[in-house]
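Student: Structure in structure tokens, see below.
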Amino acid sequence: METDYRKAICFLIEDGYITEEQAREAVTKVRAISPDKGKDSESWTVARRLVKELRKAIVANGKKPFRENDTVAACFEKMVRLDKRKEEEALVLIEWCASHDFWSTVILSPEKFRKHYETMLAQRERDNKKPVDRTEVVYQQIEDYENRRAEELAKRRAESVPMPAGFKDALKGGRK
């Protein structure tokens, strides 16, 4: 007899052992590692394109290129699938790091690219930013604080329990 895992998951959700979100995450994980998914998925296609672009950039800088194989592509595939990185953003970052004095000497493989992705992104944004007007920052902080306060108040109101009808009259009557 073959087990119906879909029914089993439904029973677990109904009995409160797991939430729907936990079930979705588990199914997503299983699909990601299942052998039938293969290396023909969209994330692998994107990964192979990123490998080619990074390799081209490294060669253009006169550095020794890495080998193109599935192990190397797997790093970019994880970056696309798990880290939820967009191909366009990664391509722009590859171009930026290849032209950067420091990062062009550090990023010589997809592993290093994935490892330093956030740092490079932050530095690229910092390099592209114009000087900030301090008064604008203060006003923005005040506005953010007021918005958070209003959201908190709305949340408390939504969670509060309304006073039963006639409760105040009952209190007044009991004090006589």
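Student: How much length is gained on full extension from Ile33 to Gln123, taking 0.36 nm per residue of separation minus their Cα-Cα distance? Intermediate results must be reported in sequence, preceding the final value.
Tutor: Details: separation 90, 0.36 × 90 = 32.40 nm, distance 3.39 nm.
Separation in residues times 0.36 nm, less the Cα-Cα distance, equals 29.0 nm.
Student: If exposed means no more than 15 neighbouring beta carbons inside 10 Å and the site is in a DSSP loop, what's the longest run of the chain without any exposed GluC sites (Glu not before Pro)? Please list the in-between numbers first.
Tutor: Values: sites that count: Glu2, Glu68.
Value returned for the longest uninterrupted segment is 69-176.
Student: Compute a Gaussian network model of the chain, connecting alpha carbons closer than 10 Å, and tell me which residue from Val30, Val59, Val51 fluctuates the most.
Tutor: Among Val30, Val59, Val51, the largest mean-square fluctuation in the Gaussian network model of the chain belongs to Val30.
Student: Find, among the trypsin sites (Lys or Arg not before Pro) in segment 76-151, those assigned to loop by DSSP (not H, G, I, E, B) with at most 15 other beta-carbon atoms within 10 angstrom.
Tutor: Numbers: sites: Lys78, Arg81, Lys84, Arg85, Lys86, Lys112, Arg114, Lys115, Arg124, Arg126, Lys129, Arg134, Arg148, Arg149; in loops: Lys84, Arg85, Lys86, Lys129.
For trypsin sites (Lys or Arg not before Pro) across segment 76-151 that sit outside H, G, I, E and B with at most 15 neighbouring Cβ atoms in 10 Å, the list reads Lys84, Lys86, Lys129.
Student: Relative to the first principal axis of the alpha-carbon coordinates of the chain, what is the inclination of helix 20-33, with its axis defined by its Cα atoms, in degrees from 0 to 90 and to the nearest 10?
Tutor: 10
Student: Mind sorting Asp15, Asp83 by how few other Cβ atoms lie within 10 Å of their own Cβ, fewest first?
Tutor: Working: Asp15 8, Asp83 12.
Exposure proxy ranking, most exposed first: Asp15, Asp83.
Student: Most mobile of Leu82, Leu121, Leu93 per a Gaussian network model of the chain (Cα springs, under 10 Å)?
Tutor: Leu82
Student: Further question: Whole-Hz Karplus ³J(HN,Hα) for segment 9-15, in order, using 6.51 cos²θ - 1.76 cosθ + 1.60 and θ = phi - 60°, x for Gly and Pro?
Tutor: 5, 4, 5, 4, 5, 4, 7
Student: With the Cα gyration tensor of segment 5-78 giving a ≥ b ≥ c as the square roots of its eigenvalues, does the rule (a/c under 1.5 for rounded; else a/b larger than b/c for prolate; else oblate) give rounded, prolate or oblate? Show your work: numbers first, answer last.
Tutor: On the way: a/c = 5.16, a/b = 3.57, b/c = 1.44.
Prolate, since a/c reaches 1.5 and a/b exceeds b/c.
Student: Using alpha carbons only, how many degrees (0 to 90, rounded to 10) separate the axis of helix 70-81 from the longest principal axis of the chain?
Tutor: Computed tilt is about 30 degrees.
Student: Could you tell me, in Å, what Rg and Dmax come out for the Cα atoms of segment 35-176?
Tutor: 27.0, 94
Student: Rank Gly16, Gly166, Gly62 by mean-square fluctuation in a GNM of the chain with C-alpha springs under 10 angstrom and give only the top-ranked residue.
Tutor: Taking springs between Cα atoms under 10 Å, the residue moving most is Gly166.
Student: Relative contact order for segment 38-128: what is it in percent, counting Cα pairs under 8 Å that are at least 6 residues apart? All intermediate terms of the calculation are to be shown ahead of the outcome.
Tutor: Working: 74 pairs, mean separation 29.9, N = 91.
After rounding, I find 33 percent.
Student: On the first, second and third principal axes, largest extent first, how far apart are the outermost C-alpha atoms of segment 73-112 in Å?
Tutor: 29, 18, 13
Student: I'd like the orientation of helix 42-60 relative to the chain: the angle between its Cα long axis and the longest Cα principal axis, in ° from 0 to 90, rounded to 10.
Tutor: Helix 42-60 sits roughly 50 degrees off the main axis of the chain.
Student: Pop a pseudo-label 7 angstrom from the Cα along the beta-carbon direction at both Arg149 and Thr19 and give the gap in nm to one decimal.
Tutor: 3.0
Here, each number is a calculation from the coordinates, and none is a lab measurement. Note that the coordinates shown come from a computational prediction; the quantities given were computed from them, not determined experimentally. Cβ atoms come from the backbone with ideal geometry, glycine included; neighbour counts cover every protein chain shown.
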